[in-house]
Amino acid sequence: MHSFKSKIIAGAALLLTAGLAHAEDTIRLGMTPEPYMPFTEVNASGEWEGLEADLSRAVCAKLPVKCEIKQMAWDGLIPSLNEKKVDFIIGAFSITDDRRKVVDFSTPYYTEGTSFVGAKSDSTKITTVDAPDGSGKIVDPSIVSGKIIGVQTSSVQAAYVAKYLKGAEAKSYDTADNSVADLVAGRVDYVLIPDLYIQTFLKTAAGADYEVKLTVPKNTTLGEGVAYAIRKGDADTLTKINTALAELDKDGTTQKLVDKWIFDKK
């Protein structure tokens, strides 16, 4: 996890605060400063940027209450939500059945894919087979048996390896950055990672020797879209967030932000 000076954290937090009501009427958004572009990061100037940063500003501006950001590590977002330290969270959370057991999800604002990535020097051909549970095509587990696959802790990709690739060893990391760093260092054979994130890496000098071995077929384990998570049963907050998202969808704001941060960046 990357560290940030307290004054930068405080400054960044202010950028996402939108006060449209009395100060005592506040909704708290949990968000992580860990870099995960094109979704979000805190830049060198201490400013939030990325799709989720801009979207959260727009959502907060639509809410009938003050919106305050609380920063924490990505893997602390759901625990903080359920401990009532925040009211809703954002962090490129894919909607999955397992997560639905512990949180409620807003309307999705983006649907992303997953890539299986390794070194260009690795001639192994990654192919697919029918999933034993009838959910469609999956990475052929026999091909990656005995291999080490890097995933982010608590991600849908980690769940995918645990469910379908039992012969492989999953190595978990607190951030996607660290999983890719270990791929470059040779400590993992592959990474299973969201396609938008890895495409950014592959365009860098450090990514020149790596490639997407397989665009993983869509699967319910990999999620049904990316959304805000709200504490389970908190219908009031869920309604507020979904109402704001519906307005942003109707006026074209969400699509403009997706175009700006995702399609225009490719």
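The values are calculated or read from the model by the stated rules, or taken from the named source; none is laboratory data. All figures in this text were calculated on a predicted structure; none of them were measured in a lab. All Cβ positions, even for glycine, are placed from backbone atoms using ideal geometry, and neighbour counts span all protein chains on display. Only protein heavy atoms, including side chains, enter the accessible area calculation; ligands, DNA and RNA are left aside. Shrake-Rupley method; radii C 1.70, N 1.55, O 1.52, S 1.80 Å.
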Would you confirm, using the coordinates I've provided, whether SER80 is open to solvent by 50 Å² or more (accessible area, probe 1.4 Å), out of contact with any helix residue (DSSP H, G or I) (no Cβ under 8 Å at 6 or more places or on another chain), modelled with pLDDT of 95 or more and closer than 30 Å to ASP182 by Cα? no
Is segment 245-263 home to any residue that is outside any loop (DSSP other than H, G, I, E, B) and farther than 24 Å from ASP54 by Cα? no
Being basic (Lys, Arg) and in contact with a helix residue (DSSP H, G or I) (Cβ under 9 Å, 6 or more places away or on another chain) is the filter here, so list the residues in segment 115-174 that pass it. LYS125, LYS163, LYS166, LYS171
Output for Cβ contacts, cut-off 8 Å, separation at least six or different chains, first residue on the phi > 0 side of the Ramachandran plot in segment 138-159, second of a type outside the set (A, V, I, L, M, F, W, C) and part of a helix (DSSP H, G or I), reads SER154/ASP75
Take the residues in segment 35-57 that are open to solvent by 20 Å² or more (accessible area, probe 1.4 Å) and out of contact with any Phe, Trp or Tyr (no Cβ under 9 Å at 6 or more places or on another chain); name whichever of them is farthest from GLY113 (Cα to Cα). SER45
Hits in segment 160-182 (condition: in contact (Cβ under 8 Å) with a residue 40 or more places away in the chain, within 15 Å of the chain's Cα centre (by Cα) and surrounded by fewer than 21 Cβ atoms within 10 Å (Cβ to Cβ)): ASP174, THR175, ASP177
Among (1) of a type in the set (A, V, I, L, M); (2) under 23 Å from ILE149 (Cα atoms); (3) in contact (Cβ under 8 Å) with a residue 12 or more places away in the chain, there is one condition ILE241 misses while meeting the rest; what is its number? (2)
Segment 15-40, residues that are at pLDDT 90 or above and touching a helix residue (DSSP H, G or I) at 6+ places or on another chain (Cβ under 9 Å): ILE27, LEU29, GLY30, MET31, THR32, PHE39, THR40
Taking segment 83-111 as the region of interest, how many residues are open to solvent by less than 60 Å² (accessible area, probe 1.4 Å) and within 18 Å of THR153 (Cα to Cα)? 10
